[in-house]
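Report on the structure given below.
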Amino acid sequence: MVENSGCGSQNNVWVGSETGLLKSVNLCKKLATNHYDKENYGKEHEIQRICWEYEDQSALYTAHKNGVVRKLETASGGYVDSFQIPEMAGKIAGLARLDSNFITCTSNGDLRLWSDENETLASSKAGDNVLCMDLNSELQQVVTGGKENLVKLWDLNKPEQPIFKAKNVRPDWLEHRVPVWVTGLKFIPNSNKILSITGTHNIRVFDPNSNTRRPVLETSYEEYPLTAVDIVAKNPNQVIVGNTHGDAAMFDLRKIKHVARCYKGFAGSIREIRCHPSLPYFFSCSLDRHLRVHHEQYPKVEHKVYLKSRLTCLLATDAELEVKTDEKELETEKRKKEKDVWDELDDADSSESDSDSDSDLLPSKKKK
Amino acid sequence: MDEDQQSICSDQFSISSDQLSICSGGIFSDIASVIDENPLKDDANNNNNESMPQNNISQIRNKDRRTAAFIKMRKEQRKEKIRLRKQRQNMRKQLGKNAPPVAPPKTIENRREKEDTMVQPDDVEVLLDEESDEMASYFERKTTPKILITTSDRPRSRTTKFLKELSEGFPNSTVFYRRALDLKKVIPQCIMKGFTDIIIVNEDRKTPNGLLLCHLPEGPTVHFKMSNVKLRKEIKNSTTPSEHQPEIILNNFGTRLGHTIGRMFTTLFPHNPEFIGRQVVTFHNQRDFIFFRHHRYIFRNEKRVGLQEIGPRFTLKLRSLQKGTFDSKFGEYEWIHKRHEMDTSRRRFHL
């Protein structure tokens, strides 16, 4: 008997909504529960960003519209702590956790590294209209971008100036300046490269180590602003993007002009996509109040959960998706055992059957 | 009623701990298991008779023979059907009063596929969501509707007549000609002038064929396909509306999406209907088609009502619901009608 500790006991996904409710979804047990603070739910407490505390996924932080960051423990499912982003104004563009400090970026450009005791350790001005931010914890680098706000790479140890400032692409074939509208940013693992998606339906890769400040790779997808992006955990060459029209596709960075795969089943704008850390699935939450699970290879929806409020952000855990793994393993074990038995039988029979079969096949020509 | 519901909410929350779910957090849809409602089969024999020929027929290579075999199979099926029906009728006659009640006829509405998003009346989370949506200010009586009606550029006579009739149907509405103005520039001006809704009738081939309803301060934009438009003179025995505020009837807006659309329609009309005017506006949703009718009613006696139709009549079909004011290129869509994915089943509806 193989005891499967992963399935059923752990929630697969944590989803934040516009009504301030954090939902945990367990796909094995088909259970979705709301987690909220007694007084603090409602439209003013819209969850805008969500991040893990450490890699072990034991606690997560949710950033709410009014600048409050709350800590929730995944095991108990209850809110344990709350912090306030210092000098909060505008919307929250990014939330991340580094060692025991927070890194937050607000939409008016206030990029800040602050500790649990509300001490600001470092801060910089990232410009206006910042829409997204990502953290590279090994290199301690942060990248920000937004509307008319080019991609900037910051080093947290030297926060005065960005270490890399991207340059806008060349004017298009009509000689018009291409507007800058960065809606999503991700660091490509095991490298320094930055993947960005834009509101002008482009996917771009920047390499700070190269001598160009312009994007190294570029492609466009459909005609609507891209809103969600994630890199497949097992294969960092593969990237999944989603747009406001409910189209999701997978691209391979090695052949970026070619859409590797399309995914179906969305009715509304895809707000966030998160890939499963180990299995070939990805989760997506959209404005049409559904959470969907797709297999990376197939376009159809594997699981769909209606979650009643407009969903804004998402975190995926390492848990198993299906209950059947236990039963499947038992079955395959049984089959193996049966096969062994049959093998044994064959061996036993073959030695006898040879002589028998010979006698059966050939009519006995008894020589008298 | 609002107060009662609010008190129920607060009671639940005060009793519950931090972790308790508000009703349930979500509804799972079983995509893998398709609930196949087996049409009632009276005879087991029937099954056998039908299954055998079907297999053989598709393997006949000769087209003439194949068609002949198919026609024969169909004849036999119909015979079987009539025989069964006669049997059932005879059973009913024999049993007389003891006969089991007639099963209700199977319609597409009866056998509608289960929709997860159907709103349950006691769902606190949906209530919370609705209380804080963009139309909430109307329901809290903070704003009264003020509608701007316009068309696409250069409308034809039919559309202008339609607009005039529409504006008579919606109290507190004004008609403006479009004159090639950008909607994105019109909308901020409307907000400044205090309009709460803007209705744009799209015209194609000399007749109105689309409706765009945009709720103003930051509200959702809904795009409909409009068909079967009948003006007042084309409706028999029709009459003109009076200045009284009408009552509103919303039928069959069951799912979450339907609720949003229904709320948007409600925000077009003033809060207090004047019953003395005996006018009623109906938005009836059936199979994802929304029928707009405007009537004047009179109660002839306890059982009978007389209806006289006023004003335009049209049918709407939802194409997309976009969050925020009109921005078809860069706006975020909450729902888009995707024909090839959503219309695969005749028994699935979204409103």
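Values quoted throughout were computed directly from the atomic coordinates according to the rules given, and no laboratory measurement underlies them. Model, not experiment: these values are computed from the prediction. Please note: Cβ atoms are built from the backbone with ideal geometry, for glycine as well, and neighbour counts cover all protein chains shown.
Structure values in brief
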{"item": "Max mean-square fluctuation residue, GNM over chain B, Cα-Cα springs under 10 Å, options B:S152, B:S238, B:S132", "result": "B:S132"}
{"item": "Chain A: angle of helix A:324-361 to the longest principal axis, Cα-based, in degrees nearest 10", "result": "20"}
{"item": "Mean Cα-pair separation over length for chain A, i.e. relative contact order, pairs under 8 Å, 6 or more apart, %", "result": "12"}
{"item": "Antiparallel bridge percentage (DSSP; both residues within the range B:158-292; nearest 5)", "result": "75"}
{"item": "Inter-centroid distance (Cα atoms) of the range A:253-309 relative to the range A:132-210, Å", "result": "24"}
{"item": "Residue-span extension gain [B:T240 to B:N90] - 0.36 nm each, minus C-alpha spacing", "result": "48.6 nm"}
{"item": "Per-pair calculated FRET efficiency, R0 = 30 Å: A:D128 and A:S210 via Cβ, rounded to 0.05", "result": "0.65"}
{"item": "Net lengthening on full extension, A:R254/A:K30 (0.36 nm per residue, minus Cα-Cα)", "result": "76.9 nm"}
{"item": "Computed label-point distance, nm, for sites B:I298 and B:R319 using a 7 Å Cα→Cβ extension", "result": "4.1"}
{"item": "For chain A, calculated [θ]222 nm from helices alone, where every DSSP H run of n ≥ 4 adds -39500 (n - 2.57)", "result": "-4000 deg cm²/dmol"}
{"item": "Calculated [θ] (222 nm, deg cm²/dmol) that DSSP helices of n ≥ 4 give over chain B, each run adding -39,500 (n - 2.57)", "result": "-10000 deg cm²/dmol"}
{"item": "Most mobile listed residue (A:F282, A:F83, A:F187) in chain A, GNM with C-alpha springs under 10 Å", "result": "A:F83"}
{"item": "Selected from A:Q161, A:I92, B:A99, residue furthest toward positive end of dipole (the protein assembly as shown; charges at beta carbon)", "result": "B:A99"}
{"item": "Normalised contact order of chain B, rounded percent, pairs of Cα under 8 Å and 6 or more residues apart", "result": "15"}
{"item": "At R0 = 45 Å, FRET efficiency that the Cβ-Cβ distance of B:K193 and B:D122 yields, to 0.05", "result": "0.65"}
{"item": "Selection of GluC sites (Glu not before Pro), the range A:214-302, meeting DSSP coil and at most 12 other Cβ within 10 Å", "result": "A:E223"}
{"item": "At R0 = 35 Å, FRET efficiency that the Cβ-Cβ distance of A:D99 and B:K329 yields, to 0.05", "result": "0.25"}
{"item": "Sparse-neighbour loop sites [GluC sites (Glu not before Pro); the range A:6-113; at most 13 other C-beta within 10 Å; DSSP]", "result": "A:E39, A:E55, A:E87"}
{"item": "Those lysines that a straight Cα-Cα span of less than 25 Å connects to B:K72, excepting residues fewer than 8 apart in one chain", "result": "B:K41, B:K63, B:K81, B:K86"}
{"item": "Cα gyration tensor, the protein assembly as shown - rounded (a/c under 1.5), prolate or oblate", "result": "oblate"}
{"item": "Dipole moment magnitude, nearest 20 debye, chain B about Cα centre, only Lys, Arg, Asp, Glu C-beta charged", "result": "3580"}
{"item": "Shielding by partners, peptide A:31-37 (average Cβ within 10 angstrom, other chains)", "result": "6"}
{"item": "Positive minus negative residues near A:T244 (Lys, Arg vs Asp, Glu; Cβ under 12 Å)", "result": "-4"}
{"item": "Projected label distance in nm at A:Q297 and A:H176, using a 7 Å step from Cα toward the beta-carbon", "result": "4.3"}
{"item": "Gaussian network model of chain B, Cα within-10 Å springs - most flexible of B:N251, B:N301, B:N209", "result": "B:N301"}
